[in-house]
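The values are calculated or read from the model by the stated rules, or taken from the named source; none is laboratory data. It should be emphasised that the depicted structure is a prediction, and the values quoted were computed from it without experimental measurement. Cβ placement follows ideal geometry from the backbone for every residue including glycine, while neighbour counts extend to all protein chains displayed. For the accessible areas, the whole protein counts, side chains as well, though only heavy atoms, and no ligand, DNA or RNA atoms are used. Shrake-Rupley method; radii C 1.70, N 1.55, O 1.52, S 1.80 Å.
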Amino acid sequence: MRRGPVALTAGAVLLGEAVGAVLLHLVLASVLSGQRMSLAGLDPDAMVIGTRAMGGVLGAYLALCGAVLLRAGVRRAAPGRWARVLLVTCAVTHGVLGAVAVGLVGWGAFAWLVGVMALVVLCLVAYGGDGEGGSYEEGAGRPAGEDGPAGRAPLAG
């Protein structure tokens, strides 16, 4: 499987999703400021500021995840340990948001979020778990003649 195009596609989708999340939160903040209603005694201005801040934080998070995938796709090398942790959190976030979106928004939003989650998971699986861009294929990374993991003697039977 060609890993680079998948990572580039996932990175571009996440960058587009980051822009969409920021724009959505800006629209929600403008609706909140136009209504001037309080929710359970909260200050309407605090809700507007919180909505804008959440949009910025979510947009920055998605843009960072997208940038990690774009970098992996351009370099054709696996992301490092912390970048993989970031991508796992991105996949989990999309899964949880997809589950919530079914009830609140509908099946279209669920399909979109699960599709993005699938792209991120595909990138994580395609690059393997060694952090060096290799894979778990038979004999990958092992010196010739050894049956055990690279750098270790085989277990005695």
What percentage of the solvent-accessible surface of the range 1-73, computed with a 1.4 Å probe over protein heavy atoms, is contributed by carbon and sulfur atoms?
-> 73
Taking a quarter of the surface of the Cα convex hull of the range 1-107, what do you get in nm²?
-> 8.2
Extended-chain gain in nm, criterion 0.36 nm per residue less alpha-carbon gap, Arg71 and Leu23 = 14.8 nm
Once the other residues with Cβ under 14 Å from the Cβ of Ser30 are scored (Lys, Arg +1; Asp, Glu -1), what is the net sum?
-> +1
Tail fraction, Cα-Cα pairs, the range 60-135, threshold 19 Å, whole percent = 36
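Using a 1.4 Å probe, what is the accessible area per residue for the range 1-134, in Å²?
So the range 1-134 comes to 56 Å² accessible per residue, rounded to a whole number.
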